[in-house]
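Engineer: This is the structure I have questions about; it appears just below.
Just so you know, all these numbers are worked out from the coordinates, no wet-lab data involved. The structure displayed is predicted, hence computed values, not measured ones. Glycine also receives a Cβ, built like all others from the backbone with ideal geometry; neighbour counts cover every protein chain displayed.
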Amino acid sequence: MFKAARNYSSCFSDEEIDSEKFNDFLEGCIGPIMAPNISFLLLVVLLSVGCTVITSLDQMCTEKESNKAYNCDYLGLREIPDTLPNTTEVLEFSFNFLPTIQNTTFSRLINLIFLDLTRCQINWLHEDIFQSHDQLSTIILTGNPLIFMAETSLNGPKSLKHLFLIQTGISNLEFIPVHNLENLESLHLGSNHITSIKLPANFPTKNLKVLDFQNNAIHYLTRKDVESLKQATNLSLNLNGNDIKSIEPGTFHSKIFQNLNFGGTFDVSIILKGLQNATVQSLWLGTFEDTEDQDLSSAMLQGLCEMSVKSINLQKHHFSDFSPATFQCFNQLQELDLTATHLDGLPSGIEGLNSLKKLILNVNNFDQLCQINAANFPSLTHLYMKGNTKKLDLGSGCLERLQNLLKLDLSHSDIEASDCCNLQLKSLLQLQYLNLSYNEPLGLQSQAFKESPQLKLLDLAFTHLQVNVPQSPFQNLHHLQVLNLSYCLLDTSNQRLLAGLPELRHLNLQGNHFQDGSIPKTNLLQTVYSLEILILAFCDLLSIDQGAFHGLEKMHHVDLSHNNLTGNSIGALSHLKGIYLNLAANSINIIPLRLLPILSQQSTINLSHNPLDCTCTNIHFITWFKDNLKKLEGLEETMCANPPHLRGVKLSDVKLSCGMTAVGIFFLTVFLFLFTILLIFSFKFLLRWKYQHI
Ligand SMILES: *[C@@H]1O[C@H](CO)[C@@H](O)[C@H](O)[C@H]1NC(C)=O
Ligand SMILES: *[C@@H]1O[C@H](CO)[C@@H](O)[C@H](O)[C@H]1NC(C)=O
Ligand SMILES: *[C@@H]1O[C@H](CO)[C@@H](O)[C@H](O)[C@H]1NC(C)=O
Ligand SMILES: *[C@@H]1O[C@H](CO)[C@@H](O)[C@H](O)[C@H]1NC(C)=O
Ligand SMILES: *[C@@H]1O[C@H](CO)[C@@H](O)[C@H](O)[C@H]1NC(C)=O
Ligand SMILES: *[C@@H]1O[C@H](CO)[C@@H](O)[C@H](O)[C@H]1NC(C)=O
């Protein structure tokens, strides 16, 4: 409650300052003639006379999709600009100034589907504003200090689906006009002063799926309150940040919810008792750093035995005692999220967690993987332990009992091992996804993942890999499709490094280095012939041999950006057609004529941020470029670096004429003319001389 009030007041004081600043700005520009109803065009004319900040209408709203979607945020507008076409469907109009909304305000934009009016200082919504808006389904009024909403203000031919009234100062739900809400699916009422969730008797809830009351002042829930929602089936109800102090017994008896969020509650046991006989798919009971709350004890969690719940989140809580008894009411749970709950171990001998499929233990304080006592959760398919705050020792065979494990995330956990991973990940026969990214150095021997032959994705990014054997550590991963080896400091001269990966489609080698900055004709890529996506960005490459990608026939995406390649390396792609090719940020200046057909046969090419030569030496490439603009991306950043007077000019704008110049043609004509005259004179002279000597 305290938090809600604080957020609320700080928000509106910011708002006032903003608007004052804006008014000062206007007054500075156009003086006291400014009136709220001044026509928009006049405003713009005056502004462009007085200030140079806003110069033309076209600069204002940005088009996101032609004739359909526009963004006019932060423009201080007092009206809908005339430049917006009548066909506009999506309008983002936040941070403007519309204190009252009339039936004329949006009357021209009858195709609106989505309208965002966040923080426009709206106080007053008049009758029939959306009278002819056939398709309008979402209205966002967040952050407007609403004083009045006319009974028919939201009326329209088609019913609204999503209504956002966050931070609008509402304290009583009677304030919301109920007309035209029969199809309402989500109603967002966060950060207001609401004290009861009881909806007015005539409020249509039949189609309601999301009802969001976070950060209000709701402390009590009664049977009548929840009864008012009874027509809504499968509802997600958010009461986060409301500090519930009591719930009348029987309030949730045989009620069914998709999600219930009681985050930030001081005493969790009040919630669990109150939920007696309820059925909840997903229950969020986490807390926050700045929230005061009671430590969780086994007694407080007793209430879970009296309700049905599939997934529960207890993030950031402290546990006062942590024993098998803590879990005695968890036996129907399928998902348990204990992120940042200050755990350094889970007790052994927990019984009844046979249904648990997904366990999230991110950001805890384990020393050793075995401390989770994996035997407690025999059905686990997903285990997440990322961001462990201590150096996590993988031990040996700690997860051996998790025969069904499909997904394991151990990223960001300071893991270090000189010989990974067969002993550590023993018997994870079904594992398909393994994330070991952002860890400390790992030593890999040959067949290092032999225990998990079903792996489809292996992420080792940012983990220094030490491979001290000539064979491949990935040998026999017959199903591996995605391998992320970015920034692994690999020894790329080991040609067998990637052997034995027949299904590999996506390989990321970003940030690894090759000897002498060059990929030779025979290299580690030749064993991965199924490759479709290859990332070699940031590898400090200077050159690529013409035959380096030989045998990689299936590639359709090659990223060579951020290297030091010149035009000649393009030759290595001659056997590939229709690919996406990224050559951005290299050292390409000239692309010779013989390599242009290789570019022509690709589908999309990025040549931005290269020091391109715009002299006649490169005329073939420049001509090709202009004929193939459709294939090229990043045109705005594809610029000349040479000659100096064209530096920074977009390649698509360059006009070169490299035939003979007009001056040249003039001199040639004069020369030929003089030459002919000379010839005639010499001929005449010769004839005369001949006659004289007859
Ligand atoms: C808008 O409201 C005024 C007065 O309330 C009314 O005279 C006018 O006809 C309305 N315009 C439209 C387009 O509904
Ligand atoms: C309940 O809602 C969720 C999403 O909110 C949806 O995924 C689920 O299919 C719905 N269940 C039923 C039975 O309608
Ligand atoms: C829960 O259900 C049981 C059995 O139907 C009933 O006896 C009990 O009174 C219910 N509890 C509440 C609080 O409604
Ligand atoms: C692996 O974990 C890192 C860090 O948590 C994350 O950024 C990355 O997306 C994960 N990899 C995959 C394939 O999900
Ligand atoms: C590694 O690559 C995969 C596939 O592109 C990606 O999903 C994942 O997020 C990457 N990992 C990191 C740590 O960036
Ligand atoms: C071109 O590639 C660079 C570097 O990868 C990237 O930053 C840029 O977004 C790309 N351009 C486009 C239009 O995708």
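Engineer: Which of S569, N71, G500 sits closest to the plus end of the dipole of the chain, meaning its Cα is farthest towards the positive end, when Lys and Arg get +1 and Asp and Glu get -1 on the C-beta?
Structural biologist: The residue sitting farthest along the positive end of the dipole is S569.
Engineer: Hey, what did the chain get for relative contact order, percent, Cα under 8 Å, at least 6 apart?
Structural biologist: Values: 1763 pairs, mean separation 26.6, N = 694.
Relative contact order, the chain: 4 percent.
Engineer: Another question, if that's okay. Would you mind ranking V670, V90 by Cβ crowding within 10 Å, fewest neighbours first?
Structural biologist: On the way: V670 10, V90 17.
Going from least to most buried by this count: V670, V90.
Engineer: Okay, moving on. Once you list every other residue whose beta carbon is under 11 Å from the beta carbon of L531, what net charge do they have if Lys and Arg are +1 and Asp and Glu are -1?
Structural biologist: -1
Engineer: Separate question: How many angstrom lie between the Cα centre of region 129-199 and the Cα centre of region 250-296?
Structural biologist: 27
Engineer: Region 352-421 to region 502-546: how many Å between their Cα centroids?
Structural biologist: 33
Engineer: Another question about this same structure. If the cut-off is 13 Å between C-alpha atoms, which aspartates and glutamates fall inside it for K390, apart from same-chain ones fewer than 8 positions away?
Structural biologist: Of all the aspartates and glutamates, those that pass the test against K390 - Cα under 13 Å, at least 8 places apart if same chain - are D344, D367, D414, E416, E440.
Engineer: Nearest 20 debye, what's the magnitude of the dipole of the chain about its Cα centre given +1 on Lys and Arg Cβ and -1 on Asp and Glu Cβ?
Structural biologist: Working: 46 positive and 64 negative charges, 555 e Å.
The dipole magnitude comes to about 2660 debye.
Engineer: Let me ask something additional. State to the nearest 20 debye the size of the charge dipole of region 174-294 about its Cα centre, where the only charges are +1 on K and R beta carbons and -1 on D and E beta carbons. Show your work: numbers first, answer last.
Structural biologist: Values: 9 positive and 13 negative charges, 118 e Å.
Taking the Cα centre of region 174-294 as origin, the dipole is about 560 debye.
Engineer: Which aspartates and glutamates have a Cα less than 12 Å from the Cα of K68, not counting those fewer than 8 places away in the same chain?
Structural biologist: E89, E92
Engineer: Checking the a/c ratio against 1.5 first, then a/b against b/c, what shape does the Cα gyration tensor give for the chain?
Structural biologist: Numbers: a/c = 3.20, a/b = 1.32, b/c = 2.42.
Oblate is the answer for the chain, as a/c is 1.5 or above yet b/c matches or exceeds a/b.
Engineer: Quick one: of K631/K655; K161/K310; K230/K310; K577/K630; K630/K650, which pairs are farther than 18 Å apart, Cα to Cα?
Structural biologist: Details: K631/K655 20 Å; K161/K310 28 Å; K230/K310 21 Å; K577/K630 16 Å; K630/K650 15 Å.
Too far apart for the 18 Å limit: K631/K655; K161/K310; K230/K310.
Engineer: What does the charge dipole of region 341-447 about its Cα centre add up to, to the nearest 20 debye, if the Cβ of each Lys and Arg holds +1 and the Cβ of each Asp and Glu holds -1? Before the final figure, lay out the partial values.
Structural biologist: Values: 8 positive and 10 negative charges, 80 e Å.
Charge dipole of region 341-447: 380 debye, to the nearest 20.
Engineer: Turning to a different aspect of this structure: Along the charge dipole of the chain, which of V210, F449, I176 sits closest to the positive end, that is, farthest toward it, with unit charges on the beta carbon of Lys, Arg, Asp and Glu (+1, +1, -1, -1)?
Structural biologist: Toward the positive end, the furthest listed residue is F449.
Engineer: Next question, about the same structure. Please report the net charge: other residues with Cβ closer than 10 Å to the Cβ of K390, K and R +1, D and E -1. Let's see the in-between values first.
Structural biologist: On the way: positive: K391; negative: D344, D367, D393, D414.
Here the count lands on -3.
Engineer: For region 607-690, what relative contact order do you get, as a whole percent, if you take Cα pairs closer than 8 Å and at least 6 residues apart?
Structural biologist: Over region 607-690, the number comes to 29 percent.
Engineer: What is the local net charge at K456, summed over the other residues whose Cβ is closer than 12 Å to its Cβ (Lys, Arg +1; Asp, Glu -1)?
Structural biologist: Details: positive: K407, R505; negative: D459, E503.
Combined, the nearby Lys, Arg, Asp and Glu give 0.
Engineer: Another one. In this model, which of K391/K450; K64/K407; K64/K358; K255/K358; K386/K554; K245/K316 are farther than 28 Å apart at the alpha-carbon? Write out the running numbers ahead of the final one.
Structural biologist: Values: K391/K450 25 Å; K64/K407 38 Å; K64/K358 40 Å; K255/K358 25 Å; K386/K554 34 Å; K245/K316 20 Å.
Among K391/K450; K64/K407; K64/K358; K255/K358; K386/K554; K245/K316, the Cα-Cα distance tops 28 Å for K64/K407; K64/K358; K386/K554.
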